[in-house]
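The values are calculated or read from the model by the stated rules, or taken from the named source; none is laboratory data. Computed from a prediction, not measured in an experiment: that's the story for all the values here. FYI the Cβ positions are ideal-geometry reconstructions off the backbone, even for glycines, and counts take in every protein chain you see.
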Amino acid sequence: MKRFAAALLALLLFSAPALAKPKVGDILPDLEIKAAPLAPEAAYLGLAPGSKSFRLSQIKAEALLVEIFSMYCPRCQASARSVNKVFENLTALPQGRKLKMLGLGAGNSGFEVNAFRKQFEIPLPLFQDGDYVLHKAFGNVYTPTYMVLKATPDGKGFQVLHIQEGPFGNGEEFLENMLRVSGVQ
């Protein structure tokens with residue numbers, strides 16, 4: 001019993017604190033995505049061709065709409081068509097040059113992200129996060145989660161303008177809301 005109590009005490013004392021899920025107004029660091037964007041993704045995001053990795057701050061946009069997904073998430077799979085439509089509608093608008101959209105595959109390898117992209121014909125840029133580094137930085141949110149982020153004035157991070165865990169309902173209403181909260185005109 002003493003051994004169990006000592007082990008439990010050590011676990012409580014030396015465990016890393018759980019990351020809190022971000023809230024509107026929180027500041028996230030300028031995260032590095034350690035994945036090479038495909039040529040059309042690099043062009044869409046305004047990144048240099050042939051980049052092996054990039055920081056969110058390098059994306060040419062006033063705000064970012066980030067989807068955190070997993071190819072194994074049934075809700076992500078069911079939402080894929082709606083997300084595709086939101087992306088298509090966004091890129092057809094003038095505001096689509098100012099609000100860019102991308103997806104991060106929580107716990108997914110490049111192979112898994114590409115399989116998801118192919119199976120659901122995903123047009124938006126998708127990147128792997130096989131080691132959960134980005135997912136942890138985003139507070140270990142559920143999948144899917146949608147966040148609107150805007151660079152802080154000092155350029156060292158991103159303010160959370162919107163966060164929604166779980167699928168969205170009407171895609172047109174969702175896009176209107178994302179444009180409104182992002183402040184892009």
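Just to be sure before I move on: is P94 touching a strand residue (DSSP E or B) at 6+ places or on another chain (Cβ under 8 Å) and modelled with pLDDT of 95 or more in the structure I sent?
Details: touching a strand residue (DSSP E or B) at 6+ places or on another chain (Cβ under 8 Å): no; modelled with pLDDT of 95 or more: yes.
In short, no.
All but one of (1) of a type outside the set (A, V, I, L, M, F, W, C); (2) at negative phi; (3) in contact with an Asp or Glu (Cβ under 8 Å, 6 or more places away or on another chain) hold for G183; state the number of the condition that does not hold.
Against the list (1) of a type outside the set (A, V, I, L, M, F, W, C); (2) at negative phi; (3) in contact with an Asp or Glu (Cβ under 8 Å, 6 or more places away or on another chain), G183 comes up short only on (2).
Kindly establish whether F168 is crowded, with 17+ Cβ neighbours inside 10 Å, at pLDDT 90 or above, over 20 Å from P37 (Cβ atoms) and of a type in the set (A, V, I, L, M, F, W, C).
Yes, satisfied.
Tell me the residue from E88, E41, E62, E67 that is exposed (fewer than 15 other Cβ atoms within 10 Å of the Cβ) and in contact (Cβ under 8 Å) with a residue 12 or more places away in the chain, please. Talk me through it step by step, then tell me what you get.
On the way: E41 fails: exposed (fewer than 15 other Cβ atoms within 10 Å of the Cβ); E62 fails: exposed (fewer than 15 other Cβ atoms within 10 Å of the Cβ); E67 fails: exposed (fewer than 15 other Cβ atoms within 10 Å of the Cβ).
Answer to the check: E88.
At pLDDT below 95, crowded, with 19+ Cβ neighbours inside 10 Å and under 13 Å from the mean Cα position of the chain (by Cα): is that true of F127 in this structure?
no
Does segment 3-21 contain at least one residue that is touching a strand residue (DSSP E or B) at 6+ places or on another chain (Cβ under 9 Å), in a loop (DSSP other than H, G, I, E, B), surrounded by 11 or more Cβ atoms within 10 Å (Cβ to Cβ) and modelled with pLDDT under 90? If you could, list the steps in order and put the result at the bottom.
As a first pass, look at segment 3-21 and keep what is touching a strand residue (DSSP E or B) at 6+ places or on another chain (Cβ under 9 Å): 21.
Within this subset, residues satisfying the condition of being in a loop (DSSP other than H, G, I, E, B) are 21.
Next cut, surrounded by 11 or more Cβ atoms within 10 Å (Cβ to Cβ) only: 21.
Narrowing further to those that are modelled with pLDDT under 90: 21.
For segment 3-21, residues touching a strand residue (DSSP E or B) at 6+ places or on another chain (Cβ under 9 Å), in a loop (DSSP other than H, G, I, E, B), surrounded by 11 or more Cβ atoms within 10 Å (Cβ to Cβ) and modelled with pLDDT under 90: present.
Specify the residue that is farthest from P144 (Cα to Cα); the eligible residues are those in segment 44-76 that are among the hydrophobic types (A, V, I, L, M, F, W, C) and part of a loop (DSSP other than H, G, I, E, B).
Out of the qualifying residues, it is A48.
Restricting attention to segment 104-120, does a residue exist that is farther than 23 Å from D30 by Cβ, in contact (Cβ under 8 Å) with a residue 12 or more places away in the chain, surrounded by 19 or more Cβ atoms within 10 Å (Cβ to Cβ) and touching a Pro at 6+ places or on another chain (Cβ under 9 Å)?
So far as segment 104-120 goes, no, none of its residues is farther than 23 Å from D30 by Cβ, in contact (Cβ under 8 Å) with a residue 12 or more places away in the chain, surrounded by 19 or more Cβ atoms within 10 Å (Cβ to Cβ) and touching a Pro at 6+ places or on another chain (Cβ under 9 Å).
Could you list, in sequence order, all residues of segment 132-185 that are more than 23 Å from G105 (Cβ to Cβ) and free of Cβ contacts under 8 Å to residues at least 40 places away in the same chain?
Residues satisfying the conditions are P153, D154, G169, N170, E173, E176, N177, R180, V181.
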